[in-house]
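First the structure, in the form of structure tokens, and then the observations on it.
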Amino acid sequence: MRTGSARVAIVGAGSVGATIAYATLIRGVAEEVVLFDVNRPKVDAEVLDLRHGLQFVAAATVDGSDDVEICRGADVVVVTAGAKQQPGQTRMELAAANAALCRDLLPRLVEVAPDAIVLLVTNPVDVITEVAVEVTGLPVGHVFGSGTVLDTSRLRHLVAQRCDVAVQSVHAFIAGEHGDTEIALWSSATIGSVPLLAWTGAGGPLTEAEEEALLDQVRRAAYRIIEGKGATNYAIGLATARILEAVLRDERAVLPVSVPLDGHLGLHDVCLSLPAAVGRGGVEHVLPVPLSERERRDLEASAEAIRSTVRSLTSTS
């Protein structure tokens with residue numbers, strides 16, 4: 001990766017891709033942002049709108065095209081392209097169409113940006129990440145998914161509200177599938193330095209029923225937003241910009257991204273989210289997260305749900 005200006009290529013100029021570009025500029029993450037989309041009028045309009053705001057952000061350039069060549073030399077390629085999740089539709093139901101799109105698209109992206117870190121945001125992100133690892137043949141850690149970074153933010157928001165503390169002081173992770181089988185790692189969650197399971201502050205200890213209710217709200221959040229406005233875009237835009245920041249600034253920040261596992265925590269042949277150190281090399285390493293017996297069982301069940309979808313794609317291809 002270059003040590004000078006950072007170049008981020010965003011594939012897909014829909015609501016998610018455009019918002020990622022906007023958040024990236026607002027946070028001053030990259031000096032060059034390019035958008036690639038087959039819909040040329042759409043990408044041209046998004047680029048023009050973003051350019052009109054460049055006066056108000058850190059120095060940067062924005063460009064776009066319907067030619068994949070625009071992604072040449074990117075330090076990070078962010079893939080958002082794919083069918084949009086419809087009201088009532090699960091992320092896993094998107095798998096076949098979006099997997100096929102990525103199988104066609106990713107080799108062309110690797111050809112123009114062979115040294116890039118590839119970050120998948122397209123849903124179902126765990127399945128698409130597995131497809132991307134297979135198709136690109138890039139080194140371990142250079143291909144990963146946005147995973148449960150957004151879900152984790154949703155959980156921390158709810159815990160902060162419940163316990164009357166700042167969301168930045170809540171340290172809790174969602175792991176597993178970015179979807180209906182994701183789990184909350186309650187046993188290692190803290191507020192400040194206080195284990196959440198030992199919390200005696202505002203509201204008192206969380207009950208098991210409260211934990212289940214909070215996790216259910218996290219799982220259902222996207223459906224609620226999609227039903228109301230058709231798509232989620234702001235929070236995933238900010239979450240993705242945060243991941244880009246960790247990569248381009250070589251932070252080794254701990255984020256719950258979707259990574260291929262081969263023996264970690266006893267899990268094999270699956271991509272799912274666990275807290276991992278993210279830096280210039282992509283995913284540098286996955287943390288040895290302590291799990292309760294229930295969390296271990298639930299994580300394996302989540303892994304099997306992802307494997308099942310991958311198997312169904314293989315059987316129909």
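Every number here is computed from the coordinates shown, using simple stated rules; none is lab data. Quick caveat: nothing in here was measured; it's all calculated off a predicted structure. When we count neighbours, we look across all protein chains shown, and the Cβ atoms used for this are built from the backbone with ideal geometry, even at glycine.
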Subtracting the Cα-Cα distance of residue 83 and residue 100 from 0.36 nm times their residue separation yields 5.0 nm
If we count other beta carbons within 10 Å of each Cβ, what is the order of 118, 79, fewest first?
-> 118, 79
Select from 245, 69, 182 the residue whose mean-square fluctuation is largest in a Gaussian network model of the chain (Cα-Cα springs shorter than 10 Å).
-> 69
Interchain or sequence-distant (5+) residues whose placed amide H lies within less than 5 Å of the amide H of residue 31 are 6
By the Cα gyration tensor axes a ≥ b ≥ c (a/c under 1.5 gives rounded; else a/b larger than b/c gives prolate, otherwise oblate), the shape of the stretch 57-133 is prolate
Charge dipole of the stretch 146-268 about the Cα centre (unit charges at C-beta), most positive-ward option of 246, 186, 149 = 246
Calculated over the chain: convex hull of Cα atoms, volume per residue (Å³) | 130 Å³
Given H placed 1.01 Å from N in the peptide plane, which residues other than close sequence neighbours of residue 270 have an amide H under 5 Å from its amide H?
-> 261
Computed E for residue 294/residue 166 - FRET, C-beta separation, R0 22 angstrom, nearest 0.05 = 0.15
With Rh as the Kirkwood radius over Cα pairs, the stretch 149-316 has Rg/Rh of 0.96
HN-Hα couplings for the stretch 43-48 via Karplus (6.51, -1.76, 1.60; θ = phi - 60°), in whole Hz with x for Gly/Pro, come out as 5, 4, 5, 5, 4, 4
Given the convex hull over the Cα atoms of the stretch 36-77, what projected area results after averaging over all orientations, in nm²?
-> 3.2 nm²
Along the charge dipole of the stretch 57-169, which of 166, 88, 65 sits closest to the positive end, that is, farthest toward it, with unit charges on the beta carbon of Lys, Arg, Asp and Glu (+1, +1, -1, -1)?
-> 166
Tell me, how many Å apart are the Cα centres for the stretch 114-188 and for the stretch 258-317?
-> 11 Å
³J(HN,Hα) computed for each position of the stretch 277-289 - Karplus, 6.51 cos²θ - 1.76 cosθ + 1.60, integer Hz, glycine/proline x = 7, 10, x, 4, x, x, 7, 6, 6, 8, 6, x, 6
Phi to ³J(HN,Hα) by Karplus 6.51 cos²θ - 1.76 cosθ + 1.60 over the stretch 158-175, Hz, x for Gly, Pro | 5, 5, 4, 4, 5, 9, 6, 9, 5, 4, 5, 9, 8, 10, 8, 10, 9, 10
Given H placed on each backbone N at 1.01 Å, which residues far from residue 276 in sequence or on other chains put an amide H within less than 5 Å of it?
-> 255, 257, 287
